[in-house]
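The next block holds one structure in the form of structure tokens; read it before the comments.
The values are calculated or read from the model by the stated rules, or taken from the named source; none is laboratory data. Computed from a predicted structure; not experimentally measured. Please note: Cβ atoms are built from the backbone with ideal geometry, for glycine as well, and neighbour counts cover all protein chains shown. These accessible areas exclude ligands, DNA and RNA; they are computed on the full protein's heavy atoms, side chains included. Shrake-Rupley method; radii C 1.70, N 1.55, O 1.52, S 1.80 Å.
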Amino acid sequence: FLRNGNRTRYENAYNPIVQNYANLTMALCITGDKATYFIPWQEYNNILCKMATWVYPAHDKKLDNLLMRRPHIELVGSNVGAIVSTARCLLAPIISKETAQSMEQAVQRQIITPFIETVQGKRSRDYFLIATNNWNAVCIANVVQTLLASNMPSNLRKEAIAYALSHTENYLNGFNSDGYCSEGISYWSYGFGHYLRLAALLYAVSDGKLNLLD
């Protein structure tokens, strides 16, 4: 990508890894069939946990993520963080302690630590927090899902989630008064779809006390 701007070769190899991992996680949860699904799931899990970054090359033009200089949170990496975190919780009864630790460490390094440092004022805000487009809703939904599935202290989790929610108004401000999305109608599915997922998560964990659809 850095040499010639070609995004597709990397993304065409990477995207199926993420999708297959998510599908295998669902298959294990739905069927409980370890004999069929666990070994391939573990292979994909090892790939994701060993990757230096989950970020697309097109979103890492300065290589800050690949070289682990200043990891930042964006659309793709935050999605993988949410998937891996949730898989660790859902499959806790059948995965080893070592596997759970490697998953937690990968999510910690790529998502949780950068976000907590932002919350605590130790680093500047990533673009998604101030964006008035789909980046805001997508990344915040993914980050909150990751935080909810983490093992962090509950007081720190609440502080981080409150910080994330304080920036969701930026996404809503991206719509015109007639409801038009400047990015096109398909982004209603992507951006607002993630906003709905965020709302559903928080409605569930707060026993209906927090409703973003208000």
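If I go through the range 10-26 residue by residue, how many of them are hydrophobic (A, V, I, L, M, F, W, C) and either open to solvent by 40 Å² or more (accessible area, probe 1.4 Å) or without any contact (Cβ under 8 Å) to a residue 12 or more places away in the chain (or both)?
Looking only at that region, the number is 2.
Mind listing whichever residues of the range 95-105 are surrounded by 13 or more Cβ atoms within 10 Å (Cβ to Cβ) and closer than 17 Å to W54 by Cα?
Matches in the range 95-105: S102, M103, E104.
Of R7, R69, which residue is of a type outside the set (G, A, S), more than 17 Å from the chain's Cα centre (by Cα), closer than 24 Å to A137 by Cβ and open to solvent by 50 Å² or more (accessible area, probe 1.4 Å)?
R7
For a quick check of your reading: which helices (runs of 4 or more DSSP H) sit entirely within the range 115-180 and have at least 2 residues that are touching a residue at least 12 places away in the same chain (Cβ under 8 Å) and of a type in the set (F, W, Y)?
Passing ranges, in order: 127-130.
Got a number for residues in the range 127-148 being open to solvent by less than 10 Å² (accessible area, probe 1.4 Å) and either touching an Asp or Glu at 6+ places or on another chain (Cβ under 7 Å) or not hydroxyl-bearing (S, T, Y) (or both)?
14
Filtering the range 196-214 down to residues that are open to solvent by less than 50 Å² (accessible area, probe 1.4 Å) and in a loop (DSSP other than H, G, I, E, B), which residue is nearest to S154 (Cα to Cα)?
Only one residue fits best here, namely S206.
Please go through (1) part of a helix (DSSP H, G or I); (2) open to solvent by 20 Å² or more (accessible area, probe 1.4 Å) for A92 and return the number of the only condition it doesn't satisfy.
If we test A92 against (1) part of a helix (DSSP H, G or I); (2) open to solvent by 20 Å² or more (accessible area, probe 1.4 Å), just (1) comes out false.
Only residues that are more than 13 Å from the chain's Cα centre (by Cα), open to solvent by 10 Å² or more (accessible area, probe 1.4 Å) and of a type in the set (G, A, S): list them for the range 149-163, please.
Across the range 149-163, the qualifying residues are S154, A162.
For the structure I just gave you, tell me whether S166 is surrounded by fewer than 15 Cβ atoms within 10 Å (Cβ to Cβ) and not hydrophobic (A, V, I, L, M, F, W, C). Talk me through it step by step, then tell me what you get.
Details: surrounded by fewer than 15 Cβ atoms within 10 Å (Cβ to Cβ): yes; not hydrophobic (A, V, I, L, M, F, W, C): yes.
Yes: the conditions hold for S166.
Select from the range 27-66 the residues that are polar (S, T, N, Q), closer than 16 Å to Q110 by Cβ and either touching a His at 6+ places or on another chain (Cβ under 8 Å) or open to solvent by 50 Å² or more (accessible area, probe 1.4 Å) (or both) and list them in ascending order.
If the condition is that a residue be polar (S, T, N, Q), closer than 16 Å to Q110 by Cβ and either touching a His at 6+ places or on another chain (Cβ under 8 Å) or open to solvent by 50 Å² or more (accessible area, probe 1.4 Å) (or both), then N46, N65 are the ones that fit.
If V143 satisfies every condition in (1) more than 17 Å from the chain's Cα centre (by Cα); (2) of a type in the set (V, I, T); (3) under 20 Å from V55 (Cβ atoms) but one, which is the exception?
(1)
Please work out which residue is farthest from L196 (Cα to Cα), limiting yourself to the range 142-170 and to residues that are among the hydroxyl-bearing types (S, T, Y) and out of contact with any helix residue (DSSP H, G or I) (no Cβ under 8 Å at 6 or more places or on another chain).
Per the stated criteria, the residue is S154.
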